[in-house]
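One structure, as structure tokens, below. Some questions next.
The values are calculated or read from the model by the stated rules, or taken from the named source; none is laboratory data. All of these numbers come straight from a predicted model, not from anything done at the bench. Here Cβ is always computed from backbone atoms with ideal geometry, including for glycine, and neighbour counts include all displayed protein chains.
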Amino acid sequence: MAIVGAGFSGLGMARQLQLAGIDDFVVLERGDEVGGTWRDNRYPGCACDVRSPLYSWSFEQNPDWSRRYAQAPEIQAYILDSVRRWGIRDRIRFGCEIVRSTWNEEAGEWTLEAADGRRFVAPFHVGAVGGLTDPRMPAVPGVDSFAGPSMHSARWDDGVDLRGKRVGVVGTGASAVQIVPSIVDEVASITVFQRTPAWVVPRADWAIPRWRRWARRWVPGIMQLSRAVEWATYESRYPAVFGPRPFLRRLVERLVRRHARTVVEDPATAEALTPSYTLGCKRVLVAQGWFEAFNRDHVTLVAAPLDSVSAIGVSAGGEEHELDVLIWCTGFRVDEPLGTAQIRGVGGRDLAEFWGGRPRAHLGMTVPGFPNSFLLMGPNTALGHNSVLLMAEAQIRYVLQAIRWARAAPGRTVDVKPEALDGFVAEVDERLGAQVWNTGCASWYLTEDGENFTIWPGTTAGYRWRVRRFDPGDHVGG
């Protein structure tokens, strides 16, 4: 079996295969280390916006998180330590960027080709690339012409000294709201360029006391109870704020607006930082110190998209802004769940052509005509209210069942029926039509045609129940 990607999902798949006694697997990772998102994102202030007990594998819980919201270095250390203890590092091939995967019908196996010429043959193919992988740069004239240091938040250059520099931050998304408060004390100035404001709620973060960490490690049931409480807290947000009848959404909107206007001293800036669209339509951000940063004399908000980039700065809102450093917080190419690799299935079917502008997969995992191939965290399995690791683990269990079913009979493959996929997509679209993610704002959840290909329109409990058992009847030959 070939697993593409060594982030949370891919490593979780590898561990569960190992525990199931399925040892013929390899993990193919294009980077030089495991960790995925948490290896690549090391910008100042980088942290998870899901509380620590819930942002870890359920089968590898960590009682020693130092903070309520773990920071990137600690999450990466947790991943590295887990890989070491599992003893699977020798199953990982680093520097292995897969550029092409092809299904061989006669042999009943996949051939995966890497950019460096390496080839791998496996009966099963699991794509665990992740959505927050490849940075997206805006289509702005002169985007590559800036003469000073220019870096995307996911490609942070530690060699750039920000002290005393005039820094431009493009975007007000998840990375921007962490970077700005983290560098505000060392730079000469920060100019934040905002196309659309984000809903930002305060992050109540603090160091976890030693006695609590001791209890989680040594008192039976405490760790599991802590995780269960966090899960229930997050899960309750779906019906209360995000679901089709969100009885608390308007109250939360009022509280967040009041918070911004209370903290930000300049009324015009507070107003510019306050969204007009419905809370939840775009990703809701969790941050500490974001609003407070705009009270500093050397921090300026430009509520206008970039017009162009030059060697000395940027133009936005009809004004020129001279800068020393440009930081791009402009998101990722989320419309490519398997990255840029070419995937060819039965009869040479090309996955990108099959998808067109709308990635889709049955239960977010399987696509007709691509036998024995699975996606982890594929289309319509992302969340707006809870930890995505809950979804990934549910998918891993489903994939394991599918593999066992296929291996139980010679020549049997897992190939989902087209009608099963069509039914799932129709159901998802119908449910999403009445929910906040489809209320009209432009977001990375949607295709250019306004189709929502990312979000699961329900609770994690609902999805986990839905995929609890592999159904052969949904598959050719089942």
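Can you run down the residue pairs with Cβ atoms below 7 Å, 6 or more apart or on separate chains, where the first is in the stretch 420-438 and in contact (Cβ under 8 Å) with a residue 24 or more places away in the chain and the partner is of a type in the set (Asp, Glu)?
Sorted first by the residue in the stretch 420-438, then by its partner, the pairs are ALA420/ASP474.
Could you check, for the stretch 156-175, whether at least one of its residues is on the phi > 0 side of the Ramachandran plot and in contact with a strand residue (DSSP E or B) (Cβ under 9 Å, 6 or more places away or on another chain)?
Taking the stretch 156-175 as the starting set, the residues that turn out to be on the phi > 0 side of the Ramachandran plot are 164, 171.
Filter again for in contact with a strand residue (DSSP E or B) (Cβ under 9 Å, 6 or more places away or on another chain), leaving 171.
Yes - at least one qualifying residue is present in the stretch 156-175.
Tell me yes or no: at least one residue of the stretch 32-41 is farther than 29 Å from ILE179 by Cα and touching a residue at least 12 places away in the same chain (Cβ under 8 Å).
In the first step, residues of the stretch 32-41 are kept if they are farther than 29 Å from ILE179 by Cα; the result is none.
Within the stretch 32-41 (the criterion being farther than 29 Å from ILE179 by Cα and touching a residue at least 12 places away in the same chain (Cβ under 8 Å)), the answer is no, since none of the residues qualifies.
Across the stretch 1-47, what is the number of residues that are over 20 Å from GLU97 (Cβ atoms) and assigned to a loop (DSSP other than H, G, I, E, B)? Before the answer, list the steps.
Taking the stretch 1-47 as the starting set, the residues that turn out to be over 20 Å from GLU97 (Cβ atoms) are 12, 15-24, 42-47.
The next check asks that each one be assigned to a loop (DSSP other than H, G, I, E, B); those that pass are 20-24, 42-46.
Final tally of qualifying residues: 10.
Could you please let me know if VAL126 is in a strand (DSSP E or B) and either under 20 Å from the mean Cα position of the chain (by Cα) or under 30 Å from TRP231 (Cα atoms) (or both)? Spell out the reasoning first.
Working: in a strand (DSSP E or B): yes; either under 20 Å from the mean Cα position of the chain (by Cα) or under 30 Å from TRP231 (Cα atoms) (or both): yes.
Yes, satisfied.
Still on this structure, please answer the following. Hey, any hits in the stretch 79-87 for a residue that's in contact (Cβ under 8 Å) with a residue 60 or more places away in the chain, in contact with a helix residue (DSSP H, G or I) (Cβ under 8 Å, 6 or more places away or on another chain) and over 21 Å from THR133 (Cβ atoms)?
Step one: filter the stretch 79-87 for residues in contact (Cβ under 8 Å) with a residue 60 or more places away in the chain, giving 79, 82-83, 86.
Narrowing further to those that are in contact with a helix residue (DSSP H, G or I) (Cβ under 8 Å, 6 or more places away or on another chain): 79, 82-83, 86.
Subsequent filtering for residues that are over 21 Å from THR133 (Cβ atoms) retains 86.
Yes, there is a match, as at least one residue in the stretch 79-87 is in contact (Cβ under 8 Å) with a residue 60 or more places away in the chain, in contact with a helix residue (DSSP H, G or I) (Cβ under 8 Å, 6 or more places away or on another chain) and over 21 Å from THR133 (Cβ atoms).
Which one of these does ASP307 not meet: (1) in contact with a helix residue (DSSP H, G or I) (Cβ under 9 Å, 6 or more places away or on another chain); (2) in a strand (DSSP E or B); (3) among the charged types (D, E, K, R)?
ASP307 satisfies all of (1) in contact with a helix residue (DSSP H, G or I) (Cβ under 9 Å, 6 or more places away or on another chain); (2) in a strand (DSSP E or B); (3) among the charged types (D, E, K, R) except (1).
Would you tally the residues in the stretch 415-427 being more than 21 Å from GLY462 (Cβ to Cβ) and in a helix (DSSP H, G or I)?
From the stretch 415-427, those more than 21 Å from GLY462 (Cβ to Cβ) are 415, 417-419; that's our starting set.
Right, trim to in a helix (DSSP H, G or I) and you get 418-419.
Qualifying residue count for the region: 2.
What single numbered condition from (1) more than 20 Å from the chain's Cα centre (by Cα); (2) over 30 Å from PRO239 (Cβ atoms) fails to hold for TYR398?
(2)
Also: Looking at the stretch 64-96 only, could you name the residues that are among the aliphatic types (A, V, I, L, M), within 15 Å of THR37 (Cα to Cα) and not in a helix (DSSP H, G or I)?
Passing the criteria: only ALA70.
Take the conditions over 29 Å from TYR234 (Cβ atoms), assigned by TED's automatic domain parsing to the domain that holds SER58 and part of a loop (DSSP other than H, G, I, E, B) and apply them to GLY378. Does it pass? Quick ask: steps written out before the conclusion?
On the way: over 29 Å from TYR234 (Cβ atoms): no; assigned by TED's automatic domain parsing to the domain that holds SER58: yes; part of a loop (DSSP other than H, G, I, E, B): yes.
Judged against the criteria, GLY378 is not a match.
Sticking with this one: Where residues in the stretch 116-146 are of a type outside the set (Asp, Glu) and without any contact (Cβ under 8 Å) to a residue 40 or more places away in the chain, which of them is farthest from MET1 (Cα to Cα)? Quick ask: steps written out before the conclusion?
Of the residues in the stretch 116-146, the ones of a type outside the set (Asp, Glu) are 117-133, 135-143, 145-146.
Narrowing the set further to residues that are without any contact (Cβ under 8 Å) to a residue 40 or more places away in the chain leaves 117-119, 121, 139.
Values: GLY117: 19, ARG118: 16, ARG119: 13, VAL121: 8, ALA139: 39 Å.
Taking the candidates together, the pick is ALA139.
How about the stretch 344-368: which of its residues are buried (at least 24 other Cβ atoms within 10 Å of the Cβ) and either over 20 Å from the mean Cα position of the chain (by Cα) or modelled with pLDDT under 95 (or both)?
Of everything in the stretch 344-368, those that are buried (at least 24 other Cβ atoms within 10 Å of the Cβ) and either over 20 Å from the mean Cα position of the chain (by Cα) or modelled with pLDDT under 95 (or both) turn out to be PRO359, VAL367.
Moving to a separate point now. Report those helices (runs of 4 or more DSSP H) wholly inside the stretch 131-250 carrying at least 1 residues which are surrounded by fewer than 16 Cβ atoms within 10 Å (Cβ to Cβ).
On the way: elements: 176-183, 210-218, 222-235.
Here the list reads 210-218, 222-235.
Got a number for residues in the stretch 77-123 being of a type in the set (Gly, Ala, Ser) and either surrounded by fewer than 18 Cβ atoms within 10 Å (Cβ to Cβ) or not assigned by TED's automatic domain parsing to the domain that holds GLN18 (or both)?
First, pick out the residues of the stretch 77-123 that are of a type in the set (Gly, Ala, Ser): 77, 82, 87, 95, 101, 107-108, 114-115, 117, 122.
Checking the rest, the ones that are also either surrounded by fewer than 18 Cβ atoms within 10 Å (Cβ to Cβ) or not assigned by TED's automatic domain parsing to the domain that holds GLN18 (or both) come to 77, 87, 95, 107-108, 115, 117.
Of the residues in that region, 7 qualify.
Please enumerate the residues belonging to the stretch 395-414 that are crowded, with 20+ Cβ neighbours inside 10 Å and part of a helix (DSSP H, G or I).
Within the stretch 395-414, GLN395, ILE396, TYR398, VAL399, ALA402, ILE403, ALA406 qualify.
On to the next question. Kindly establish whether PRO53 is assigned to a helix (DSSP H, G or I), at pLDDT below 95 and in the same structural domain as GLU393 (by TED's automatic domain parsing).
On the way: assigned to a helix (DSSP H, G or I): yes; at pLDDT below 95: yes; in the same structural domain as GLU393 (by TED's automatic domain parsing): yes.
Judged against the criteria, PRO53 is a match.
Residue pairs, Cβ under 8 Å, 6 or more apart or interchain, first in the stretch 202-228 and within 30 Å of HIS259 (Cα to Cα), second surrounded by fewer than 15 Cβ atoms within 10 Å (Cβ to Cβ) and of a type in the set (A, V, I, L, M). List them.
Cβ pairs passing all conditions: none.
State which residue is farthest from ARG203 (Cα to Cα) when the search covers only the stretch 231-248 and only residues that are under 21 Å from the mean Cα position of the chain (by Cα) and charged (D, E, K, R).
It comes out as GLU235.
Anything in the stretch 414-428 that is farther than 10 Å from VAL367 by Cβ and either among the polar types (S, T, N, Q) or under 27 Å from the mean Cα position of the chain (by Cα) (or both)? List them, or say none.
Of the residues in the stretch 414-428, the ones farther than 10 Å from VAL367 by Cβ are 414, 417, 419-420, 422-428.
Selection gives VAL414, ALA420, ASP422, GLY423, PHE424, VAL425, ALA426, GLU427, VAL428.
Please state which of the following conditions CYS441 fails to meet, knowing it meets all the rest: (1) touching a Gly at 6+ places or on another chain (Cβ under 6 Å); (2) in a loop (DSSP other than H, G, I, E, B).
Every condition holds for CYS441 apart from (1).
Please work out which one of (1) aliphatic (A, V, I, L, M); (2) part of a loop (DSSP other than H, G, I, E, B); (3) modelled with pLDDT of 85 or more is the condition ALA434 fails and give its number.
(3)
Output the residues belonging to the stretch 240-253 that are without any contact (Cβ under 8 Å) to a residue 60 or more places away in the chain and more than 16 Å from LEU285 (Cα to Cα). Steps first, answer last, please.
Going residue by residue through the stretch 240-253, those that are without any contact (Cβ under 8 Å) to a residue 60 or more places away in the chain are 240, 245, 247-248, 250-253.
Scanning the stretch 240-253 gives ALA240, ARG245, PHE247, LEU248, ARG250, LEU251.
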